[in-house]
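This report concerns only the one structure given below.
The values are calculated or read from the model by the stated rules, or taken from the named source; none is laboratory data. None of the values given here were measured: they were computed from a predicted structure. Quick reminder, even Gly has a Cβ in these numbers, built from the backbone with ideal geometry, and neighbours come from all protein chains shown.
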Ligand code: NAD
Ligand code: GLY
């Protein structure tokens, strides 16, 4: 794929369909926003890290279209994905007299994107918004599909709404400033699409991991496009997670327990998901669905991406018990029964429950290394 060509993926959701534009030199080009509805004002939501890097350029790109362009800068980090930060967005919207047509622009990673989307879903019962994701994780996953949320001290992403953006602008150039650890975290969500949907993509990732870690533009363009295509297909068939969409949570049940158990921000979301996928693959093996070679292959790729594969101990006295307690809070749980996304054959995922004793064995094995 030539990285200088504009790639477009469409999320097909009838009247709520929208395009994901993928290329470099996009976010600061006014043409990227030309088809959006007119409005008197726009609000850029960003954070203290991304704002200084990119907000002024986005502001300039939007200035010709919106008479007033305001910016609100949130504190940076998963620990700030809270009511307090959400309120800063509402304070800015109300303070600037923003109306029902005001367009919100989420400029940042998944944290900014999820909070901006939730603010857009609820301000005046819904205003339009655009995702301008600047992390790999946000470009391949969180900016697409309309899940928006904030965290609650008792559980991750527990308060939120399904609310689709009008457009997603994946500017590959913004990935140049991303710290290496964040690039690896994004690769976890990319790798996810292999075992759940496309083993050819997994093989491609195995062959091109060095190019990806070196941020070769063509390799990055390929994974952003292929990831968005797979996510678009799933979301187009099950927007509100009645069933199928749960497969996108492969690794997340264990992963969310790691994030909450260690304290938000200790491990990055993508790191927790990467390790969670290793744990979910082990569980799939114990359930007799995949063989040891598959688990080894996935674990090796996750390690190659620079991600941790040994699960952390969350509690010295009863570690597996603590994992189970946290996982019962997962949104997929039903009447206290934990539902896991497992691989029922390489390239296909399913949602299953498993006996606690078996899950304890998986946790013990994965925490041992
Ligand atoms: P993040 O938003 O915290 O961004 C990671 C870090 O990189 C932050 O410090 C950020 O300021 C910085 N950053 C962002 N872009 C940068 C750039 N171009 N250059 C330099 N620094 C940059 O984390 P994330 O990994 O993007 O997103 C994780 C969040 O996404 C989690 O809260 C998770 O729950 C959520 N998520 C949501 C969905 C969904 O479907 N809505 C899917 C997956 C993850
Ligand atoms: N990242 C999971 C989903 O969008 O459903």
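Points to keep in mind about this one:
- Consider the stretch 240-284 and keep the residues that are away from ligand 1 (no atom under 12 Å from the Cβ) and surrounded by fewer than 19 Cβ atoms within 10 Å (Cβ to Cβ). The one that is modelled with the lowest pLDDT is 263.
- Counted residues, the stretch 118-142 - those being in contact (Cβ under 8 Å) with a residue 60 or more places away in the chain and either in a loop (DSSP other than H, G, I, E, B) or under 16 Å from residue 159 (Cα atoms) (or both): 3
- Which listed residue, of 309, 313, 290, is in a loop (DSSP other than H, G, I, E, B), more than 16 Å from ligand 1 (Cβ to nearest atom) and in contact with a strand residue (DSSP E or B) (Cβ under 8 Å, 6 or more places away or on another chain): 290
- Matching residues, the stretch 199-235, being under 18 Å from the mean Cα position of the chain (by Cα) and either surrounded by fewer than 17 Cβ atoms within 10 Å (Cβ to Cβ) or within 14 Å of ligand 1 (Cβ to nearest atom) (or both): 220, 224, 227, 228, 230, 231, 232, 233, 234, 235
- The listed residues are 250, 254, and the only one of them that is in contact with a helix residue (DSSP H, G or I) (Cβ under 7 Å, 6 or more places away or on another chain) and farther than 20 Å from residue 201 by Cα turns out to be 254.
- The set of residues in the stretch 204-256 that are within 15 Å of ligand 2 (Cβ to nearest atom), in a loop (DSSP other than H, G, I, E, B) and within 16 Å of residue 137 (Cβ to Cβ) comprises 250, 251.
- Residue that is farther than 23 Å from residue 120 by Cβ and either in a loop (DSSP other than H, G, I, E, B) or at pLDDT 95 or above (or both), where the choices are 159, 150, 169, 196: 196
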